[in-house]
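Everything below concerns the one structure shown next.
Laboratory data are not the source of any read-out in this text; all were calculated from the coordinates shown. The shown structure was predicted, so the numbers you read here are calculated from the model rather than taken from an experiment. Cβ atoms come from the backbone with ideal geometry, glycine included; neighbour counts cover every protein chain shown.
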Amino acid sequence: MSALKHKRQVERASQRRPEPGMPAAVYRGEIWLGVYFPDICLAAHQAERNEPFAVLQTLQGKPRVYAMNERAQQQGINTGILSSAAYALCQSLGTVIRDEAAEYRQLQAYAQRLLRFTPRVTLSAPDTLLLEVRASLPLFGGLKSLHRQLQTRLMEPHTLACAPVADAAELMARNGIGKVIRNTQQLRSALGQISITDTPLEDKLVQRLARCGLHSLRDIWRLPRPDLARRFGPGLVHYLDQLSAQRHAPRRVFSAPDVFKAKYDFEQETNDRQYLLYAAESLLQQARSYLQARISLSEKISFYLLYARQQAVTQHGLMLNVYAQQGGDTPEHFLPQLREILHNQQLERPLIGLELHIDQFRPRTDSTYDLFKKAHRSNENWSGLLGLLFARLGRERVYRLSLCADFRPEKTWQKRPVHNIAANKQAADKLLLAHSSQRPTWLFKQAAHIGGAERGRRYRLISGAERLESGWWEDRDQRREYYQGITPTGRRCWLYRDLQATDEQWYLHGLFA
């Protein structure tokens, strides 16, 4: 008996146990975060204003207040009142008609910002996002750390809830229940207090349940399941099963579009360049979230300045292209160049808005950022400098030098357009490495004749001869002996003796730094 007891103890000790303090169901199932944005309607209309503002929606043939800002609430305006009553309470009230398409675009913008935390983001229109974060927990240091980073990332008012089921996380967030439910056994207790009117069930079904004295989810869960299905239909039972993790409802995962567009509407017509830069920085912050979600960089961003009295998209007043040679994803990569362009740009008429378009991307390649931080910053400095040169001088006036397969000094270097800063810098380093000890910094376009042998003796030679013979395929055969020397004034120079001349002739071809 003692041997059998010892064997069982060893078997129990060898079994894998779940981590202490965390239910095992968390690691076997999914972890969903529901993020509810109560003010998304105001954000879609850029309603962060100091004056009272409200969004109207037509209900039963009459315009009523759908949402309002804090200043309007202070004037006594509430959701659901008629627009005429709202104007009576506040004569300076600003209003717009609700635009559901704009709200959906705003929800997509929020989703693009949160793609950096997980690729599984689901949109639940009009105001909720669902994130499946189980695979992201090791990367962000656990659920608490991920929660803190989400709170930092989302500056807008929101409610965050966590549950092992997407429908439960959505329902908790929309009802202001900011709890963390880690296993399915706790779902019914957390959701039981929610009123049936606050669920996505159809109004007719809600009324039928209310007539039977069922006003909360807890009341419904107390009834036998077969009776619920027989009296109220299978749809109610299916929804309850989804809330309690007994049935899985597929969700469509959101993916960032291939073209990014963002627009900033001005409150009034303006030509103020500082205000334009402020609007551009706001749009670039949105673009940053989009690029980080795609794990991409952009080499070109287009800004469209919208003139007043031009409504069509094809009638943009002015397009400004801003480039980043290595690609960028932050305002610092593009804002300095835009500032230079706007400084020299004449604005024909007042502007009513600004649009930002991105349609050129390339994948990030800075996975070794921590190991080679200094080199990375050096490349960023090169990229920023080139961007400013492009903005101030124009892209056609900025070029690089590249090596050519020709031994003739005047044909060794060639002007090339600047495309890739990393490749350009490597080519420049190669060029300097190949010629820093042999070629002068200042090479004359045409060698200067300094005379015959007697005149040439005034230049003291400090190196041996380097013979160059080339150009015979172009009928321009050149035979020269190059030397490093010292000029009569004491400067280090590069001179050669023409071997094709009948008598000895010397030429000065460049000066060393």
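The local environment of F512, defined by Cβ-Cβ distances under 15 Å, has a net charge of +3 under the rule Lys, Arg +1 and Asp, Glu -1. Between L59 and K144, how many nm apart are label points set 7 Å from Cα along the C-beta direction? The modelled label-to-label distance comes out at 4.2 nm. For segment 41-130, applying the loop criterion from DSSP together with a ceiling of 11 other beta carbons within 10 Å to the GluC sites (Glu not before Pro) yields E48. Using R0 = 30 Å, the C-beta based FRET efficiency linking Q346 and V96 works out to 0.35. Modelled spin labels at R458 and E332, positioned 7 Å past Cα toward Cβ, are 5.5 nm from each other.
Rg over Rh for segment 201-295 works out to 1.34, both radii taken from alpha-carbon positions and Rh defined as the Kirkwood radius.
Distance between the modelled labels on E267 and A465, one decimal in nanometres: 8.2 nm (7 Å Cα→Cβ projection).
Ordering of 166-174, 137-145 by packing is 166-174, 137-145, highest average first (other Cβ atoms within 10 Å, averaged per residue).
Of the beta bridges in segment 46-98, as assigned by DSSP with both residues counted there, near 65 percent are antiparallel. The peptide list 347-355, 287-295, put in order of mean Cβ contacts within 10 Å with the highest first, becomes 287-295, 347-355.
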